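Quick notes on the structure that follows.
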Amino acid sequence: MFKLTIMYPKSADGVFDFDYYIDKHMPLSLERQGSAVKSVLVEKGYDGETPGVEFAYVAICHFTYDSQQAFTDAFLPHAEELQSDIANYTNIVPIIQFSTIELDQK
C-alpha cells in the first residue's frame, strides 16, 4: 500500500476552516480521484487534558492507494484544481509525506 499524508502544522497566525475542508474540499478530492483512493482519514489536532502537551498539527490527512502509480494516475490530472482549492480553507503551508505501509493491524 502507498500512503499520502498531508500535515498542516500549528502556527500562531494559521487559519484552518474544518467545515470547508470536510464538507467541500474532501468530497471534491475523493470525487476527482475516484476508486483509486482505498481509504482516507482526517484528524483534527487536540490538546486533550495533559498539562504542557499541545498538538503539533492543526490537521492531518491520510490517503491510501494500491500503489504510487495509482496515486499518480488519480491525482495528477486534478492536481492544479485540488491544490488551488487549499486557499479556500487554510493559509498554512502543508507538509507532504509519501510512505509505504509496512504494518496495518486493526
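Of the residues making up the stretch 19-29, those that are over 11 Å from the mean Cα position of the chain (by Cα) and touching a residue at least 60 places away in the same chain (Cβ under 8 Å) are Tyr20, Lys24. In the stretch 22-55, what residues are modelled with pLDDT of 95 or more and either of a type in the set (A, V, I, L, M) or touching a Ser or Thr at 6+ places or on another chain (Cβ under 8 Å) (or both)? Answer for the stretch 22-55, where residues must be modelled with pLDDT of 95 or more and either of a type in the set (A, V, I, L, M) or touching a Ser or Thr at 6+ places or on another chain (Cβ under 8 Å) (or both): Ile22, Met26, Leu28, Leu30, Ala36, Val37, Lys38, Ser39, Val40, Leu41, Val42. Scanning the stretch 51-87 for residues that are surrounded by 12 or more Cβ atoms within 10 Å (Cβ to Cβ) and within 23 Å of Asp13 (Cβ to Cβ) returns Phe55, Tyr57, Val58, Ala59, Ile60, Cys61, Asp85, Ile86.
Conditions (1) more than 12 Å from the chain's Cα centre (by Cα); (2) farther than 18 Å from Asn91 by Cα, marked per residue:
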| position | (1), (2) |
| --- | --- |
| Glu31 | yes, yes |
| Gly45 | yes, no |
| Gly52 | yes, yes |
| Tyr57 | no, no |
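The values are calculated or read from the model by the stated rules, or taken from the named source; none is laboratory data. On a predicted model such as this, the values are computed, not experimentally measured, just so you know. Neighbour counts are summed over all protein chains in view; Cβ atoms, including those assigned to glycine, are modelled from backbone coordinates with ideal geometry.
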